[in-house]
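Values quoted throughout were computed directly from the atomic coordinates according to the rules given, and no laboratory measurement underlies them. This one's a predicted model, so the numbers in the text were calculated from it and none came from an experiment. Here the Cβ is made from the backbone with ideal geometry for all residues, glycine too, and neighbour counts use every protein chain on show.
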Amino acid sequence: MSETAYIGLGSNLALPGETPAQIVQAAIGELGSAGTITARSSLYRTQPVGYADQPAFVNAVAELRTTLQPEELLQALLLVERRFGRDRSAGIPKGPRTLDLDLLLVGDLIYSSSTLTLPHPSLTERRFVLAPLAEIAPQLHHPLLNKTIEQLLQELSDTGANRMEAVQPLSNECNSD
């Protein structure tokens with residue numbers, strides 16, 4: 001039985017010959033190894049959250065139809081991160097990275113283990129996730145809050161790292177970089 005999963009993607013470190021925007025686009029393609037991509041947001045340039053002394057991020061959200069169980073899907077996402085040079089055991093927490101993949105939602109599943117919490121616990125606090133998610137699934141309901149993604153985005157404070165100016169769609173010309 002397949003479920004719809006939503007994955008947040010982000011990058012702010014280039015690889016040789018690949019910009020963060022290209023890394024995010026390539027990673028969306030790699031997600032096909034875990035299922036079928038059914039929708040993807042635009043790319044967004046976003047200001048860092050938490051650890052501020054780092055380059056801006058490129059973020060997006062992808063919708064994936066998958067038969068993998070949540071823990072299996074998480075392992076598939078971590079494998080994709082590693083293929084793009086990410087080592088979660090090294091570096092600064094919330095610091096610069098070549099690729100960050102977050103499992104945001106899987107259907108209406110509410111789940112918690114030592115390695116995974118669904119819905120993602122910070123989903124409702126991050127404009128850089130809510131804006132691209134609302135672009136592709138505005139009427140999707142948060143299973144704990146019984147609000148749509150669009151409602152959660154509208155209710156989000158427009159201050160600090162969540163101010164609207166901190167999360168901007170890249171132009172089409174930048175999206176193809």
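Taking Cα centroids, how far is region 123-154 from region 84-117 in Å?
18
State, as an integer percentage, the relative contact order of region 3-175 based on alpha-carbon contacts under 8 Å between residues 6 or more apart.
Normalised by residue count, the contact order of region 3-175 is 28 percent.
Please give the FRET efficiency for L15 paired with T115, using the beta carbon to beta carbon distance and R0 = 30 Å, rounded to the nearest 0.05.
Computed FRET efficiency for L15 and T115 comes out at 0.70.
Add +1 for every Lys or Arg and -1 for every Asp or Glu among the other residues with Cβ under 13 Å from the Cβ of N12, and state the total.
Result for the local shell: +1.
For n ≥ 4 DSSP H runs only, could you compute -39500 (n - 2.57) per run for the chain, divide by its residues and tell me the 222 nm figure to the nearest 500?
That comes out to -7500 deg cm²/dmol.
Through the Karplus equation 6.51 cos²θ - 1.76 cosθ + 1.60, θ set to phi - 60°, convert the phi angles of region 162-168 into ³J(HN,Hα) values in whole Hz; use x for Gly and Pro.
9, 5, 4, 5, 7, 9, 10
Residue by residue through region 44-54, what is 3J(HN,Hα) from phi via Karplus (6.51 cos²θ - 1.76 cosθ + 1.60, θ = phi - 60°)? Round to whole Hz and write x for glycine and proline.
10, 8, 10, 7, x, 10, x, 7, 7, 7, 7
Report the net charge of residues surrounding L118, where surrounding means a beta-carbon distance below 12 angstrom and charges are Lys +1, Arg +1, Asp -1, Glu -1.
Counting the neighbours of L118, the net charge comes to -4.
Tell me, what is the FRET efficiency for Q168 and L144 to the nearest 0.05, using R0 = 41 angstrom and their Cβ-Cβ distance as r?
0.90
Where nothing but the Cβ of Lys and Arg (+1) and of Asp and Glu (-1) is charged, how large is the charge dipole of region 70-177 around its Cα centre, in debye to the nearest 20?
That gives a dipole near 320 debye.
If I require 18 Å or longer along the helix axis, counting alpha carbons, and a Kyte-Doolittle average no lower than -1.0, what helices from the chain are left? Use full DSSP H segments.
Going by DSSP H runs, the hits are 70-83.
Give me the one-decimal nm value for the distance between modelled label points at I92 and A56, 7 Å along each residue's Cα-to-Cβ direction.
Using points 7 Å along Cα→Cβ, the separation is 1.9 nm.
Answer with a single label: of [x] 74, 40, 25; [y] 39, 35, 32; [z] 66, 48, 23, which was calculated as Cα extents along the principal axes in Å from the structure in view?
Given [x] 74, 40, 25; [y] 39, 35, 32; [z] 66, 48, 23, the structure-derived one carries the label [y].
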